[in-house]
Amino acid sequence: MSEPVMRRTQADRVVGLSRAPALRVHSPIAKALSLCSVLSVLMFTSAPLQAASDDVSQYSVVSARAQQSLLLDVASLGKRVVTVGARGHILYSDDNGASWVQAKVPTKQMLTAVFFIDDSHGWAVGHDAQILASTDGGATWVKQFEDLEREEGAPFLDVWFKDRNNGYVVGAYGALLETTDGGANWTDISDRMGNEDLYHLNAIVEVKDSGLFAVGEQGVMFRSPDWGQTWETIKGPYEGSLFGALGTDEAGALLVYGLRGHLFRSADFGTTWQAITLNTANNGPLEFGLADGNRLADGSIVVVGHGGTVLKSTDNGRNFSVTNRADRLSLAGVAAMENGNLILVGQGGVHAAAPTGADLGQQ
């Protein structure tokens, strides 16, 4: 997930709202800590954009170029791949990325993350503190939640579900929301985390046989051994922003990653950490920021980031190969297709790639 870029549009209602006491408010700040170079500045827009009042205007505009627009996350569910991004665009492919269909989506705001619990049920989150849900594999979506009063529409940045009913969303200014009914109602439980400085939370993930783990700006880390009911602050190995985390196939093991190629591995649910060395083929240590990662069906791990960076591990994150794609476009998400190739998303939209991350035909 990226550090948030603040944009706001007017909307007509708040959906499924259940809130704990209001968060303490930060003054506006600016940071150059994004994952995609086109999202390099955190900013607040002083003049809200005015949206038309009719229902059609609230839906993402169908565009023949949606496949080439900025996309920020992607998920694989059976034979289908679903990706989300700018202007409320959600697209899906059922033919290994050869063609894409634009879904009907009730927002024009940037969507930052998508998560599916099975082949049908999924959720997407984004700006204006919006949460969308789908029950048909991403073909159509409904808006479950939005909160325009949350720091001028500050975005949600990641979403995770344990099953069809129980899930969590994290985001800007320490946002942590919970649902126990599939998203019909969402409750703000940010005070459970003890994030007194309201650091942005960029990712929330499951760690095998251990619990949940969340990371964010300035290297903050939180873990929950009881799957979100209580949270413990962890002293991390790095004070720069962490943009992602990923559990491995080993119990208690996870990876965290962020600015300037920093990637760390823990085998004990975050108690201790080992820095993972990442060397490029010809230019020494990797210094591109790392944005997102995925554990594939074959057990391998792929992490992507700035400069067309694609990292791959076949030993649960102990070692990685490093590929920098020729186009050097920043990447924000990765998923595997049914045929074993990769779908990479980010600048320039969708990119089909070989299992190494290289362009097809060049691996």
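Peptides 176-185, 273-282: what's the order by average Cβ count within 10 Å, highest mean first?
Working: 176-185: 18.6, 273-282: 13.9.
By packing density, highest mean first, the sequence is 176-185, 273-282.
For the stretch 135-215, what relative contact order do you get, as a whole percent, if you take Cα pairs closer than 8 Å and at least 6 residues apart?
Details: 131 pairs, mean separation 18.2, N = 81.
Taking the mean separation of contacting Cα pairs over the length of the stretch 135-215, I get 22 percent.
Which order do the peptides 144-151, 247-254, 120-127 take when ranked by the mean count of other beta-carbon atoms within 10 Å per residue, highest first?
Details: 144-151: 20.9, 247-254: 18.9, 120-127: 25.1.
In descending order of packing, they fall as 120-127, 144-151, 247-254.
Roughly to the nearest percent, how much of the accessible area of the stretch 164-320 is carbon and sulfur, given a 1.4 Å probe? Each step should come with its number before you reach the end.
On the way: 2430 of 5770 Å².
For the stretch 164-320, the apolar C and S fraction of the accessible surface comes to 42 percent.
Straight-line reach from K208: which lysines have a Cα under 22 Å away, not including same-chain ones fewer than 8 places off?
K162, K235, K312
Amide H of A203: which non-local residues (sequence gap of 5 or more, or other chain) have their own amide H closer than 5 Å, using H built in the peptide plane?
Residues meeting the amide H criterion: V215.
Below 8 Å between Cα atoms, with a sequence gap of 6+, how large is the relative contact order for the stretch 289-363 in percent? Each step should come with its number before you reach the end.
Numbers: 173 pairs, mean separation 17.2, N = 75.
23 percent.
Can you give me the accessible area per residue for the stretch 109-242, using a 1.4 Å probe, in Å²? Before the final figure, lay out the partial values.
Numbers: 4180 Å² over 134 residues.
Dividing the accessible area of the stretch 109-242 by its residue count gives 31 Å².
For H262, enumerate residues with amide H under 5 Å from its amide H, sequence gap 5+ or separate chain, H modeled in the peptide plane.
For H262, whose amide H was placed from the backbone, the distant partners under 5 Å are L290.
The values are calculated or read from the model by the stated rules, or taken from the named source; none is laboratory data. The model shown is predicted, which means the values in this text are computed figures rather than measured ones. Cβ coordinates were reconstructed from backbone atoms using ideal geometry, including for glycine residues, and neighbour counts include every protein chain displayed. The area values use the complete protein model at the heavy-atom level, side chains included, leaving out ligands, DNA and RNA. Shrake-Rupley method; radii C 1.70, N 1.55, O 1.52, S 1.80 Å.
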